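I'd like to ask you about the structure that follows.
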Amino acid sequence: MTSRAAALRYARALFDVASKESDVEQAGRDLDSFARIVADNPQLARVFENPAIPSPRKRALVEELLTRAGAVAPPVAKLLTLLAERDRLVLLPELVAAYRQRLMEHARIVRAEVITAVTLPADRVASLQQGLASATGRQVQLENRVDPSIIGGAITRIGSTVYDGSVTRQLELMKEALTEKA
């Protein structure tokens, strides 16, 4: 099993347990906090990634960190301890990303990206966000990027779906159509 697949399974399990036993949002914040502690301390990250360090020592370290952290949602504490026991703490960054995605799905939020040739005014971005929300039936977190190479129009990505309405793409389509007929 790939590390991504394993992280997805752990995230799903944490979400399911947290939804029954505690608050899924709090579990996400606790998981983020622990991951930030590890990311901000390269020495700690190296310890967790090193297969030569025995799992019981990693578990003891995780338990000490959890004790110092204070109130951590019980499902998160159990999961982190389990990851230490199984020497799977290396999955932490992917686990955090998978859990965030799961939270967004639960809250019916979708991420979208709009690429335009020029910066859009705030009212156009808000209008575009509303249009995408009504099209998807979900709340939309919209990121707007500028890429002058598309000449004009827009490229919109919602999840893995791409809508390319750029002038560059339209010119490519015209070129293909003209070369096919020749």
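Which residue, Ala73, Ala107, Ala18, tops the fluctuation ranking in a GNM of the chain built on C-alpha contacts under 10 Å?
Looking only at Ala73, Ala107, Ala18, the biggest GNM fluctuation is shown by Ala107.
Suppose every K and R has +1 on its Cβ and every D and E has -1 on its Cβ; what is the size of the dipole of the chain about the Cα centre, in Debye to the nearest 20?
The dipole magnitude comes to about 300 debye.
Among Ala7, Gly153, Leu128, which residue has its Cα furthest toward the positive end of the charge dipole of the chain, with +1 on Lys/Arg Cβ and -1 on Asp/Glu Cβ?
Checked the options; the winner is Ala7.
Going from the alpha-carbon gyration tensor of the range 3-105, what semi-axes, largest first and in whole Å, does one get by taking the root of 5 times each eigenvalue?
Those come to 21, 15, 12 Å.
Now for a different question. Using Cα atoms only, what is the angle between the long axis of helix 24-40 and the major principal axis of the chain, expressed in degrees (0 to 90) to the nearest 10?
So the inclination is approximately 80 degrees.
Using a simple spin-label model with points 7 Å from Cα along the Cα→Cβ vector, what separation in nm is obtained for Arg9 and Asn41?
2.9 nm
Give me Rg/Rg_expected for the chain, where Rg uses Cα atoms only and Rg_expected = 2.2 N^0.38 Å with N residues.
My calculation over the Cα atoms of the chain gives 1.39.
If you fit an axis through the alpha-carbon atoms of helix 74-85 and take the longest principal axis of the Cα set of the chain, what angle between them do you get, 0 to 90°, nearest 10?
80 degrees
What do you get for the angle between helix 55-69 and the principal long axis of the chain? Use alpha-carbon atoms, 0 to 90 degrees, nearest ten.
On a 0 to 90 degree scale, this one is about 80.
Can you tell me which of Val76, Val125, Val38 moves the most in a GNM of the chain? Springs connect C-alpha atoms under 10 Å apart.
So, out of Val76, Val125, Val38, the one fluctuating most is Val125.
None of the figures in this text is laboratory data; all of them are computed from the coordinates on show. Every value quoted in this text rests on a predicted model; they were computed, and no experiment measured them. Methodologically, a virtual Cβ is constructed for each residue, glycine included, from the backbone with ideal geometry; neighbour enumeration extends over all protein chains shown.
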